[in-house]
Amino acid sequence: MQRITILGATGSIGVSTLDVLARHPERYSVYALSAHSRVEELAAQCERFRPARAVVGSAAAAEQLGALLRAKGLRTEVEYGEQALCAIASAAEVDAVMAAIVGAAGLAPTLAAARAGKKVLLANKEALVMSGQLFMDAVQDSGAVLLPIDSEHNAIFQCLPHGYGRAPEAAGVAKVLLTASGGPFLTRAVETLDAVTPEQACKHPNWVMGRKISVDSATMMNKGLEVIEAHWLFGAPADQIEVVIHPQSVIHSMVSYVDGSVLAQLGNPDMRTPIAHALAWPERIASGVEQLDLTRMGGLQFERPDFERFPCLALAFDALRAGGTAPALLNAANEVAVQAFLDQRIGFRQIDRVIAHVMDAVPHGAASSIAAVMAQDAAARVAAQTYIAGHAK
Ligand code: NAD
Ligand code: MG
């Protein structure tokens, strides 16, 4: 029996994870769940999955959750705050941690799970983008097992040889090919992009996801973050990572080898497949996802990304090549810009301008410690907010 903590249980990935776990009660039990503010949803999850512990974002939310759980006669221990998140991620009782908090807020608990040597199921790409080498070192030092949930990275993981040691040459890997749907604005006239609303940006053609990653998909910053994520997970330099637009999202990514072979992983676009894969790895379990019917597919298309339409993708490659704390700078500026767009304080095309400004204006340095990364994150947020205040619509 594997005991699981889910960080971000009420989110899109959290809910899909519980869906898979519920199909295999003989294999998995839930040790702890976390949510930021959606207390009623978390209470319902506690009633169904009976975790020992639940963590929320504030004292007020903890009080509300405690009352709801007592009314249901549940004994789940309720805590709040970052330290409590780190505690449920690293507790001795836990075997595997699903890291599914969105954004930089997930770094501390995800790192705590890695340092504690857990099986870390990584959806929270921002944590790895920010901390890069420091995170990979923590995994190495503790003997943690790091398994990618992001569908592209999970696909690449499946296409790499077993025991792959983050050395592309040694494994005969020529390139890692990250597929991208191109999001909702792949073909929309560029000059009309400034007028798009948060609702339009969040309407992804193939996936239903949280709002932040949905906007990231529309700007293609999501793919940019994934390029950096792939660099750390698979040890591939920027030149060995190629982005390919594939609007159908049926091929989830590919690995191209020196002998000319290209291995791809295919499936219906449903996150329960990578979640089930990582939960059971190296075994396979049912995920609830329908089998792919190739004969019912119209056709698969591929094209090169247009870096002018999607400046965020170019900014992410720049940050990866710059190294050090540059990816943390990029990530924080993006988080602030996306929130400002969702709050309708800036237009869609201002997102990339905020990030470009912050990347130019704020010096970056060596990612020598988590404290240095967090300081860079904080400086980027201040610079982004200041720029937005001066350029709000
Ligand atoms: P979501 O917005 O649906 O859920 C986010 C979760 O994080 C919620 O449970 C929320 O309570 C929690 N949370 C938010 N802010 C928090 C804070 N400050 N402190 C603590 N907890 C907080 O997001 P999602 O779509 O499930 O994405 C989660 C992560 O997984 C992101 O990093 C995203 O990039 C990644 N991811 C998601 C998908 C997808 O299909 N949704 C695919 C690949 C990767
Ligand atoms: Mg992805």
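Listed here are the helices (runs of 4 or more DSSP H) enclosed by the stretch 272-370 that have at least 1 residues being closer than 22 Å to Asn154 by Cβ and small (Gly, Ala, Ser): 272-280, 311-322. Determine whether Arg353 is modelled with pLDDT under 95 and of a type in the set (D, E, K, R). So Arg353 fails the test. In the stretch 121-133, the count of residues that are surrounded by fewer than 19 Cβ atoms within 10 Å (Cβ to Cβ) and modelled with pLDDT of 95 or more is one or more.
If you go through the stretch 1-21 and keep only what is within 8 Å of ligand 1 (Cβ to nearest atom), touching a strand residue (DSSP E or B) at 6+ places or on another chain (Cβ under 9 Å) and within 13 Å of Ile149 (Cβ to Cβ), you end up with Leu7, Gly8, Ile13, Gly14.
A single entry from His36, His24 fulfils the requirement of being assigned to a loop (DSSP other than H, G, I, E, B) and more than 12 Å from ligand 1 (Cβ to nearest atom): His24. Answer yes or no: is there a residue in the stretch 1-9 that is assigned to a loop (DSSP other than H, G, I, E, B), of a type in the set (Ser, Thr, Tyr) and at negative phi. The answer is no; no qualifying residue exists. Restricting attention to the stretch 258-307, the residues that are of a type in the set (Asp, Glu), more than 20 Å from His204 (Cβ to Cβ) and free of Cβ contacts under 8 Å to residues at least 24 places away in the same chain add up to 2. On the given criteria, is Val176 aliphatic (A, V, I, L, M), within 16 Å of ligand 2 (Cβ to nearest atom) and not assigned by the TED database to the domain that holds Ile346? Considered against the rule, which asks whether it is aliphatic (A, V, I, L, M), within 16 Å of ligand 2 (Cβ to nearest atom) and not assigned by the TED database to the domain that holds Ile346, Val176 comes out as yes.
Can you spot a residue in the stretch 11-27 that is in contact with a Lys or Arg (Cβ under 8 Å, 6 or more places away or on another chain), within 16 Å of ligand 2 (Cβ to nearest atom) and in contact (Cβ under 8 Å) with a residue 12 or more places away in the chain? Yes, because at least one residue in the stretch 11-27 is in contact with a Lys or Arg (Cβ under 8 Å, 6 or more places away or on another chain), within 16 Å of ligand 2 (Cβ to nearest atom) and in contact (Cβ under 8 Å) with a residue 12 or more places away in the chain. Restricting attention to the stretch 40-59, the residues that are crowded, with 24+ Cβ neighbours inside 10 Å and not in a helix (DSSP H, G or I) add up to 4. Would you say Ala127 is free of Cβ contacts under 8 Å to residues at least 40 places away in the same chain, within 15 Å of ligand 2 (Cβ to nearest atom), of a type outside the set (Val, Ile, Thr) and closer than 23 Å to Ala326 by Cα? Yes: the conditions hold for Ala127.
Selection of the stretch 85-109 for residues being more than 7 Å from ligand 1 (Cβ to nearest atom), in a helix (DSSP H, G or I) and touching a helix residue (DSSP H, G or I) at 6+ places or on another chain (Cβ under 7 Å) yields Cys86, Ala89, Ser90, Ala104, Leu107, Ala108, Pro109.
With respect to the conditions (1) touching a strand residue (DSSP E or B) at 6+ places or on another chain (Cβ under 7 Å); (2) closer than 26 Å to Ala138 by Cα, Leu42 lacks only one, and its number is (2).
Each residue in the stretch 122-164 was checked for being under 21 Å from Ala9 (Cα atoms) and among the charged types (D, E, K, R), and 3 of them qualify.
The values are calculated or read from the model by the stated rules, or taken from the named source; none is laboratory data. None of the values given here were measured: they were computed from a predicted structure. For neighbour counting, all protein chains shown are included, and Cβ atoms are generated from backbone atoms with ideal geometry for every residue, glycine included.
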